[in-house]
Amino acid sequence: MPSMLIRALLGAGILSPAQAAAIDPQTPPCAAIERILQSGCIGGAALADFCADAFGHARVDLSRFDAARCPLDLIDAKLMQSHVLAPLAIEGKRLTVAISSPDNLQALDRIRLQTQLTVVPAIAEHDALLALIARLTGNRADTRHVFGNADAGNAAAAANPVDDAPVVRFLQNILDDAIGRRASDLHFEAFEKFCRIRFRIDGMLHEIAQPPLTIREQLASRIKVMSNLDIAEKRVPQDGRMRLADSGGRAVDCRVSTMPTLFGEKIVIRLLESGNTELGIDTLGLDTAQRTLLTEAIHRPHGMILATGPTGSGKTRSLYACLNLLNRPDVNISSAEDPAEIHLPGINQVSINERAGVTFPVALRAFLRQDPDIIMVGEIRDPETADIALKAAQTGHLVFSTLHTNDAASTLTRLANMGVPAFNIAASVILIMAQRLVRRLCDCKQRRAAPRDALLQAGLPETTQAADCVLFQPGGCECCKGSGYRGRIGIYQLLPITADIERLILSGCNTREIDAAARRQGMQGLRAAGLRKAIEGVTSLDEVLACTNPEPV
């Protein structure tokens, strides 16, 4: 297929079909420019003007350009010569690069990969650009050859798909950037015509880079090597782990997951928190009444406490905070997780390994033979795990676990649907804690007037005293990278299993009936908890509405 420039010249009537057919589609962009000029259909200056106008790039006149201003340390001489381009200026994170062909996208991608800068192309006349490159590279040694020309780069990649130095440096820069920006997950995604890297920061995905397609396989292989995965296996998902170090030398554990897709493997790296910093119950976001309920429940001698919510809602962190409070020399605590995300000294943590036969039921049975006081099960996924965990809660053990449900009341129905008898649920479960994470406003937040009617429509209780409330909306500063948010905090719905709720469970009541009874006893919903955080200036109203469902009337 003809290049973008050839198609544009054909469409404008500058290049005839015969002239276009004479230029091989595989011809490198710079060679194609020379063929076009040799055909005599257009002059050098006119061609540069056409490229700038047709493709929306800036036009630069190199006859008036001071070559001494070029940031020569950013691009090696061989890359400049082989792709006919030159660095002109750098302003902050923006690097202006002179090119003569708008088809020179692969070279620009390589510069972006090499420098980690935003590359801004500027169209220059071909002959003038050649002359500038000759002046810049005539007396300079090739000290930073990274990829070379396209053929040489592909050959090197094929010969050494794992340890190619530019790929290693690029991946290390990406990982360092992710740690510095407090990302929770990194997504490496492969598509037909491009690949991309995205970070999840404070629950939101942001596109960070689009590396060249030519290094897609090298990136995947490098990540697999770092996480002890099979680089030859690309047909089935794989899971692994690796450890990084941040700028302060602190270890950061990572969980790695690969998945084969149509155009390559998708890889997700989750950055796990290590250590027990900020794992107090006071840091979770519970209000005073909720904190009292949770503290009373976790100091009970036996029973089950369940944290519920979708993936990524902070359930495991909440349970870690409870375990951290209970972690004493006179208490035997064991946890089974898939995998163990935060290492807590003093707690016997087991990572599930189903291929080796270490499943949740197997780990639970082993725990019960080792004189436990407190047990944590990372997730109740099947009836067998549920049965063992609930029976452990009835035989003198305090059990913590998680379930994927939308709210507190539906957790009871979910257990019943898994085949757990109602009398076991009523006799075991003592507290259910549903939760979500909302983004916390940065200090650059801005005041926003909010009429009481609007808040009532959003779900604010009628008992609110203020006629009008002052809310806050995101601003944008260097600290929050312009998003207006920095970090996340939990909003909670706590359902204690009282005698009245036990009777409803035993009588087979549905989720709606249990929820209504719990609300009559004072349970607040997730929307109400979020609105309270918005009124306190912790988060924004928009964030609460996006993360929670309307409350039942």
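The values are calculated or read from the model by the stated rules, or taken from the named source; none is laboratory data. This one's a predicted model, so the numbers in the text were calculated from it and none came from an experiment. Note: ideal-geometry Cβ built from the backbone for every residue, glycine included; neighbour counts use all protein chains shown. Only protein heavy atoms, including side chains, enter the accessible area calculation; ligands, DNA and RNA are left aside. Shrake-Rupley method; radii C 1.70, N 1.55, O 1.52, S 1.80 Å.
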Given the DSSP H assignment, sum -39500 (n - 2.57) over each helix run of at least 4 residues in the chain and divide by its residue total; what's the result at 222 nm in deg cm²/dmol, nearest 500?
-11000 deg cm²/dmol
Extent along principal axes [Cα atoms of the stretch 309-353; Å; largest to smallest]
34, 25, 13
Do any cysteines in the chain lack another Cys Cβ under 4.7 Å, and if so which?
CYS30, CYS41, CYS51, CYS70, CYS195, CYS254, CYS322, CYS469, CYS479, CYS509, CYS547
Is any residue of the stretch 410-437 close enough, with backbone N under 18 Å, to a label point placed 7 angstrom from the Cα of GLN521 along the Cα-Cβ axis, and if so, which?
410-416, 422-435
Calculated FRET value between ARG135 and ARG169, using beta carbons and R₀ = 25 Å, to 0.05
0.30
Counting only protein heavy atoms and rolling a 1.4 Å probe, one gets per residue an accessible area for the chain in Å² of 47
Anything over 31 Å Cα to Cα? Flag those among LYS266/LYS481; LYS78/LYS266; LYS93/LYS533; LYS266/LYS445, in the order listed.
LYS78/LYS266; LYS93/LYS533; LYS266/LYS445
Rounded to the nearest Å, what's the spacing between the alpha carbon centres of the stretch 374-419 and the stretch 98-115? Just the number, please.
55
How large, in Å, is the stretch 351-456 by the Kirkwood hydrodynamic radius built from its alpha-carbon pairs?
16.5
By how many degrees, 0 to 90 and rounded to 10, does the Cα axis of helix 29-39 deviate from the longest principal axis of the chain?
30
Dipole in debye (nearest 20) - the chain, about Cα centre, beta carbon charges: Lys, Arg +1; Asp, Glu -1:
400
LEU10 to ASP371: FRET efficiency via 1/(1 + (r/R0)^6), r the Cβ-Cβ distance, R0 60 Å, to the nearest 0.05?
0.15
Percent antiparallel among DSSP beta bridges (both partners in the chain, rounded to 5):
65
In percent, how large is the relative contact order of the chain, given Cα pairs closer than 8 Å and 6 or more residues apart?
9
Length-normalised contact order of the stretch 202-323 in % [C-alpha pairs under 8 Å, at least 6 apart]:
15
Compare the peptides 283-290, 212-219 by average per-residue count of other Cβ atoms within 10 angstrom and give them in order, highest first.
212-219, 283-290
Counting Lys and Arg as +1 and Asp and Glu as -1 over every other residue whose Cβ sits under 9 Å from the Cβ of ILE489, the net charge comes to +4
Between beta-carbons, use under 11 Å as the cut-off and find the net charge around SER351, counting Lys and Arg +1, Asp and Glu -1.
-3
For the stretch 1-44, averaging the sequence separation of alpha carbon pairs under 8 Å that lie six or more residues apart and dividing by its residue count, the contact order in percent is 34
Find out how many positive minus negative residues lie around GLU125, taking Lys and Arg as positive, Asp and Glu as negative, among other residues whose Cβ is under 13 Å from that of GLU125.
-2
Among THR258, ALA366, LEU437, whose Cα projects farthest towards the positive end of the dipole of the chain, with charges put on the beta-carbon of Lys, Arg (+1) and Asp, Glu (-1)?
LEU437
Matching label for the computed log10 I(q)/I(0) by the Debye sum over Cα atoms at q = 0.08 Å⁻¹, out of [x] -0.71; [y] -0.54; [z] -0.61, is [x]
Cα Rg, Dmax (largest Cα-Cα span) when computed across the stretch 1-110, Å:
14.7, 46
Carbon and sulfur together cover what percent of the accessible area of the stretch 70-110 at a 1.4 Å probe radius?
50
To the nearest µm²/s, what D does Stokes-Einstein give for the stretch 382-541 at 10 °C and 1.306 mPa s, using the Kirkwood radius over alpha carbon pairs as Rh?
89
For the stretch 189-315, treating each Cα as an identical point scatterer without solvent, what Debye log10 I(q)/I(0) comes out at q = 0.10 1/Å?
-0.50
Could you list the residues of the stretch 92-130 with an amide nitrogen less than 14 Å from a label point located 7 Å from the Cα of ALA45 in the Cα-to-C-beta direction?
125-128
